[in-house]
Each structure stands twice: as C-alpha cells, then as structure tokens.
Amino acid sequence: MVEIFSDAIGLDNLQETHWLSLAVRESRVRGLESLHTVRRRLDVLGGEIETLDGLENLRRLGTLRVTAPHLTSIRALSSVEVIDGSLETLEAESLEDLRGLENVRRISGSMKVRLTSADQIGVFDNLESVGGDVFLLVDEELICEAGMAFSEKSIGGTLVVGPTDLGGFDPASCE
C-alpha cells in the first residue's frame, strides 16, 4: 500500500502497486508518471487534489473510489480499459465531468456514480459489462435516458437509477 499526502517525487519508477491512497496537498499528482497498474484499489480521498494529471499511463485498476472534495477532473484516466473491482464516485460532489472513463469496457464489481448531464451518460458508451450492481444517482430529467442507456449493457446485478428509486429501472416507464 502506498499512501501519498504530498507529491510522489522519488517514486518515479513505480510501475505497479496493490493499493494507492491519494490525499494530496497539491492540485495534481506528481511523481507517478510511470505507474500503469493499481491491482487492488485506488482511493482519491481528499486534500487539495483537483485533477489526476500525472496518472496518464495508468491502464488497469482494481477498485476506483473517489471522495476528494475538490476533484473536478479524472481525464488523466483515459487509458484505463478495465476496472477489476468497483467504480465509486458518489461522494465526489465537485466531480461533474466523468470524461476519462470513456475507454472503460468492463467493470468487474459494482458501479456507483452521479450523472448530472446527458454528456456524462455518453461517457459510458464503450462500457460493455458491469459484474455487480449499478447505482446511478441522476437528476430527475435524466432518469429515462440513463436507465435506457444502461439497460442495454450486461449487468450482473441490479440496475438502480434515480435519486430515490430503490426498485430498479423499468424500461416500460419511459415509453
């Protein structure tokens, strides 16, 4: 496990780790440019981090959990194609742009994300399958669009769409 509270200068040659926790006091990550795999979990916890710039070479992740209050961009993750665990961004309230996840084809675990625009739904056009439950917290006017887009994907668990909907998504309700 690697915990980073400042920059990661000195870890320039780190290519792989099992667990990485970021609570960086700066606006971006520095010193992890060689990192291509986080096997178990990447936690973006807090601090002043605003972007994940510096993680552009990351290709494969275990779980991605984002709770950083100042994070606004995850575009640096655009090389990630597989998430071997879960994707959780519900608590990252400043994260209004999920671009960076557009190349993810498979999530082996569950998916819990907040979608605030139709553009964010399109970020997941290349996503083929989610192994567990999918929980989409969306604005009311996006419920049908998000539900229909995700109902076409292979989902191993339940699809739950909406701010309070606990019963799953029924495509018939959008006709």
- Message: Quick check on Gly147: is it touching a residue at least 12 places away in the same chain (Cβ under 8 Å) and at positive phi?
- Response: no
- Query: Here are some residues: Leu142, Leu90, Leu127, Leu136. Which one is closer than 23 Å to Val29 by Cβ and either of a type in the set (A, V, I, L, M, F, W, C) or not in a helix (DSSP H, G or I) (or both)?
  - Reply: Leu90
- Query: Taking region 80-90 only, how many residues are surrounded by 14 or more Cβ atoms within 10 Å (Cβ to Cβ), more than 9 Å from the chain's Cα centre (by Cα) and not aliphatic (A, V, I, L, M)?
  - Reply: 2
- Item | Unique match (being in contact with a strand residue (DSSP E or B) (Cβ under 7 Å, 6 or more places away or on another chain), on the phi < 0 side of the Ramachandran plot and at pLDDT below 90) among Phe135, Phe169 | Phe169
- Message: Consider region 56-70. How many of its residues are at pLDDT 90 or above and over 12 Å from Arg39 (Cα atoms)?
- Response: 4
- Subset of region 103-120 (residues that are modelled with pLDDT under 95 and part of a loop (DSSP other than H, G, I, E, B)): Thr116, Ser117
- Picked from region 1-48 (must be modelled with pLDDT of 70 or more and charged (D, E, K, R)), the residue farthest from Glu81 (Cα to Cα) is Glu48
- Query: When Ser79 is evaluated against the numbered criteria (1) polar (S, T, N, Q); (2) closer than 23 Å to Glu16 by Cα; (3) at pLDDT below 95, which criterion, by number, is the only one it fails?
  - Reply: (3)
- Would you check which residues across region 84-127 are in contact with a Pro (Cβ under 8 Å, 6 or more places away or on another chain) and of a type in the set (S, T, N, Q) and list them? Ser94
- Taking region 45-86, which residues are under 25 Å from Glu128 (Cα atoms) and in a strand (DSSP E or B)? Arg60, Leu61, Gly62, Thr63, Leu64, Arg65, Val66, Ser73, Val82, Ile83
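The values are calculated or read from the model by the stated rules, or taken from the named source; none is laboratory data. All values reported here derive from a predicted model rather than from experimental measurement. Heads up, the Cβs are rebuilt from the backbone with ideal geometry, glycines too, and the neighbour counts pull from every protein chain shown.
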